[in-house]
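Enquirer: To start, I am sharing the structure in question, which I have written as structure tokens.
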Amino acid sequence: MDSHLRWADHIENLKKRIRRYFHTFLSLRKFMSLPLLKEIYFALIQSALEYGICAYGRADPTILDKLKTAQNIVLKIIYKKEKRFSTNILYKELNILNVEKLFQKNICAVIHKKRDTLLRTKELNYNLRRINLETPRCKTKKGQKAIEYIGIKLYETIPPEIKQLDKIKSFKNQLKLWLKNKN
């Protein structure tokens with residue numbers, strides 16, 4: 001993040017970090033099984049992508065596309081797919097979320113954890129499962145990039161049966177399945 005609160009430098013560094021693993025995965029795929037390579041992917045690539053994604057995931061989509069491209073290349077290297085192979089098919093087959101959906105999953109998990117505090121206090125006496133969160137009003141584009149604004153808007157699109165889950169792990173698992181099948 002630079003002095004103007006832009007994430008371009010951070011995303012560029014993250015992209016370079018992921019690109020450094022291209023050769024590693026090219027070498028490892030020759031003698032390692034796919035499940036083991038997938039575990040290494042989660043340890044090295046996805047963990048790096050998820051760290052801080054609630055903050056940098058709100059960056060301009062053109063900047064995030066560079067990160068998504070690096071993620072796509074790593075997956076195609078691991079699974080020996082040609083450059084033109086559809087990444088949408090690859091993500092669905094592998095049960096892996098792209099950068100955009102990782103952001104959605106993580107931001108919704110934050111809102112889910114804090115949903116009780118985001119409700120107005122007078123509403124807390126009622127059944128929380130049927131109450132929708134109130135999206136804050138924003139007059140500027142900058143305000144519309146606030147975590148509360150984006151998070152609540154995304155959270156409200158989740159099916160009620162997923163929102164009703166109390167355990168965060170169950171919520172994240174069901175949310176991941178829903179996001180994977182969405183679009």
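Enquirer: Across the stretch 84-131, what is the number of residues that are more than 15 Å from Lys180 (Cβ to Cβ), basic (Lys, Arg) and modelled with pLDDT of 90 or more?
Expert: Of the residues in the stretch 84-131, 1 are more than 15 Å from Lys180 (Cβ to Cβ), basic (Lys, Arg) and modelled with pLDDT of 90 or more.
Enquirer: Right, another one. Please find, within the stretch 148-183, the residue that is surrounded by the most Cβ atoms within 10 Å (Cβ to Cβ) out of those that are within 19 Å of Ala55 (Cβ to Cβ) and of a type in the set (Lys, Arg).
Expert: Taking the candidates together, the pick is Lys172.
Enquirer: State whether the residues of the stretch 57-69 include one that is modelled with pLDDT under 90, closer than 23 Å to Asn181 by Cβ and surrounded by 15 or more Cβ atoms within 10 Å (Cβ to Cβ).
Expert: Checking the stretch 57-69: at least one residue is modelled with pLDDT under 90, closer than 23 Å to Asn181 by Cβ and surrounded by 15 or more Cβ atoms within 10 Å (Cβ to Cβ).
Enquirer: Tell me the helices (runs of 4 or more DSSP H) entirely within the stretch 7-120 that contain at least 3 residues that are among the hydrophobic types (A, V, I, L, M, F, W, C).
Expert: Fully inside the stretch 7-120 and qualifying: 8-19, 22-28, 34-41, 53-56, 61-78, 87-94, 99-118.
Enquirer: Here is a follow-up. Given the structure, is Ile11 closer than 18 Å to Phe103 by Cα, at pLDDT below 95 and either not assigned by TED's automatic domain parsing to the domain that holds Ile147 or not small (Gly, Ala, Ser) (or both)?
Expert: Taking the combined requirement at face value, the residue satisfies it.
Enquirer: On to the next question. Quick check on my filter: what residues within the stretch 153-168 are closer than 16 Å to Leu97 by Cβ and without any contact (Cβ under 8 Å) to a residue 40 or more places away in the chain?
Expert: Hits for the stretch 153-168 are Thr157, Ile162.
Enquirer: Name, by its number, the condition in (1) under 25 Å from Ile150 (Cβ atoms); (2) buried (at least 17 other Cβ atoms within 10 Å of the Cβ) that does not hold for Ile77.
Expert: (1)
Enquirer: Taking the stretch 8-36 as the region of interest, how many residues are surrounded by 16 or more Cβ atoms within 10 Å (Cβ to Cβ), among the aliphatic types (A, V, I, L, M) and touching a Phe, Trp or Tyr at 6+ places or on another chain (Cβ under 9 Å)?
Expert: Result for the stretch 8-36: 2.
The values are calculated or read from the model by the stated rules, or taken from the named source; none is laboratory data. Small disclaimer: the values here were computed from a predicted structure and weren't measured. Neighbour counts are summed over all protein chains in view; Cβ atoms, including those assigned to glycine, are modelled from backbone coordinates with ideal geometry.
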